[in-house]
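Worksheet: the structure to be examined is printed underneath.
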Amino acid sequence: MIFSLFLVLTATATPVDEAAHSLADYSECLRVNSGRPDPAAAPERARLAIAACRAQREASTQSAVEALATPATAATLRRRIEQAVSDLEALFPAVLAAGGGVEIPRPIAPQVRRYLDCLVDRINTPGALQAGDLAAYRISVDAAIAACATVRTAALAEAERALAASSDFTEPDRRHEAITRAFDQTDALQRNLPQIMDAVLHAQVSNAAH
């Protein structure tokens, strides 16, 4: 799953964290271009997002290869990264259908990303997360949300200014609703990540059985 992969990668050290950040740029592109559709719309929204993010996919892949590879290993590593991203794209419709999307108006994507990066950094603080322990994971997410409150407040203010300049969000209440939804869904996605993963895995098993 795209989001869990980048969550794990960003917990590692340089230069892997540099590669992870590049791949997270692709994840962000998919989120911004897919929104949070109902389950019936997920396959089409995933297809459109993947098509819209072709250039970012290549840029992220190349950046990850440059961060991790030597001249002797570059070709092999590129093939592995491309296969991994392709596998993740195959899961993306199921991710969206399970609630793994966030509605992010394009003008405020940088502000939401900055807040998400803060959450991920905090969630991945050594000792904050125990693999397989759902209760510990939720505690770590709640602690991250509290720790990133100042970042969120600043990002919300910047998002308000950025969206106010958009002709699609001139009405203050509509603008406020869109901004709040994007940040609240970002929190919810982190809290619900284990359940989303379970839903995707169950869908895979069910599809394989048929």
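Read the figures in this text as sums done on the coordinates, not as results from a lab. Here the structure is a predicted model, which is why all the values come from computation and not from measurement. Please note: Cβ atoms are built from the backbone with ideal geometry, for glycine as well, and neighbour counts cover all protein chains shown.
When the chain is treated as a GNM with alpha-carbon contacts under 10 Å, the residue of ALA42, ALA94, ALA164 showing the greatest mean-square fluctuation is ALA164. If the segment from GLN62 to ASP184 were pulled out straight at 0.36 nm per residue, it would be longer than the present Cα-Cα gap by 40.7 nm.
Ignoring everything except DSSP H segments at least 4 long, calculate the 222 nm mean residue ellipticity for the chain; use -39,500 (n - 2.57) per segment, divide by total residues, nearest 500. The per-residue figure over the chain is -25000 deg cm²/dmol.
The charge dipole of the chain, taken about the Cα centre with unit charges on the Cβ atoms of Lys, Arg (+1) and Asp, Glu (-1), comes to about 200 debye, rounded to the nearest 20. Charged side chains reduced to their Cβ positions (Lys and Arg at +1, Asp and Glu at -1) give the stretch 1-100 a dipole of some 200 debye around its Cα centre. Toward the positive end of the charge dipole of the chain, with +1 on the Cβ of Lys and Arg and -1 on the Cβ of Asp and Glu, the farthest Cα among ALA182, LEU68, GLY99 is that of LEU68. Percent relative contact order of the chain, based on C-alpha pairs within less than 8 angstrom and at least six residues apart? In percent, rounded to a whole number, it is 23. Given their separation in residues at 0.36 nm each and the Cα-Cα distance between them, ASP173 and GLU103 gain 23.6 nm when the chain is fully extended.
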